[in-house]
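First the structure, in the form of structure tokens, and then the observations on it.
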Amino acid sequence: MNPRYNVLFVCRDNAAMSLIAEALLRRFGGHDYHAFSAGIRAAAHPDALAMELLRDRRLWDPTLRSKGVTEFAHPEGPRFDFVITLGERAPAGLPRTWNGAPNMIHWRISDPLAGAQDSGRRAVTYRQTLIELETRIRLFILVHQRDGLKRAARAA
């Protein structure tokens, strides 16, 4: 049996990037992954354009909501295998300790909320961000499937 990995995606505000990543890992990770997302300073609501994109791609889940890292970074919080930060650089204010001593990874992803843009350009930027995240997540899954197969072969 394959292990189930707990993965937390963190960005500045959990309004777009990390929510998109959570939705993508839920879709492509199957039963091998449990996806979470959070922001250093959680937005009051998910970004409307991000949610529209998720609906258009049939990735929307009504349980997706903006959350802060404090919801997860406490002694009773979930044990994580991976904490993946998203953005041009890792967000300032990231907690130093997490349950499970997870692997810390940073993915440099274009932030669709950065810069004032007209609505047409913002839509293009959001789609580009989704494509970047989907590519990274599919590769992340492949790497860990391969590692699982190697472990199984050594155990046999």
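The values are calculated or read from the model by the stated rules, or taken from the named source; none is laboratory data. These numbers come from a predicted model, not from an experiment. Cβ: placed from backbone, ideal geometry, glycine included. Neighbour counts: every protein chain shown.
Observations on the structure shown:
- Each residue in segment 95-120 was checked for being surrounded by fewer than 12 Cβ atoms within 10 Å (Cβ to Cβ) and either in a helix (DSSP H, G or I) or touching a Gly at 6+ places or on another chain (Cβ under 8 Å) (or both), and 2 pass.
- Filtering segment 64-89 to residues that are crowded, with 18+ Cβ neighbours inside 10 Å, of a type in the set (Gly, Ala, Ser) and either out of contact with any Cys (no Cβ under 6 Å at 6 or more places or on another chain) or part of a loop (DSSP other than H, G, I, E, B) (or both) leaves Ser66, Ala73.
- Here Arg136 fits the description: modelled with pLDDT of 90 or more and in contact with a Phe, Trp or Tyr (Cβ under 6 Å, 6 or more places away or on another chain).
- Residue in segment 52-71 that is in contact with an Asp or Glu (Cβ under 6 Å, 6 or more places away or on another chain) and either aromatic (Phe, Trp, Tyr) or touching a residue at least 12 places away in the same chain (Cβ under 8 Å) (or both) present: no
- Phe36 being crowded, with 19+ Cβ neighbours inside 10 Å and more than 24 Å from Ser119 (Cα to Cα): yes
- Residues that are in contact with a strand residue (DSSP E or B) (Cβ under 6 Å, 6 or more places away or on another chain) and without any contact (Cβ under 8 Å) to a residue 60 or more places away in the chain, drawn from segment 101-135: Asn103, Met104, Ile105, His106, Trp107
- Residue check for Arg41: of a type in the set (Lys, Arg), within 22 Å of Ile105 (Cβ to Cβ) and part of a loop (DSSP other than H, G, I, E, B): yes
- Leu54 vs. criteria over 12 Å from the mean Cα position of the chain (by Cα), more than 23 Å from Asn99 (Cα to Cα) and not in a loop (DSSP other than H, G, I, E, B): yes
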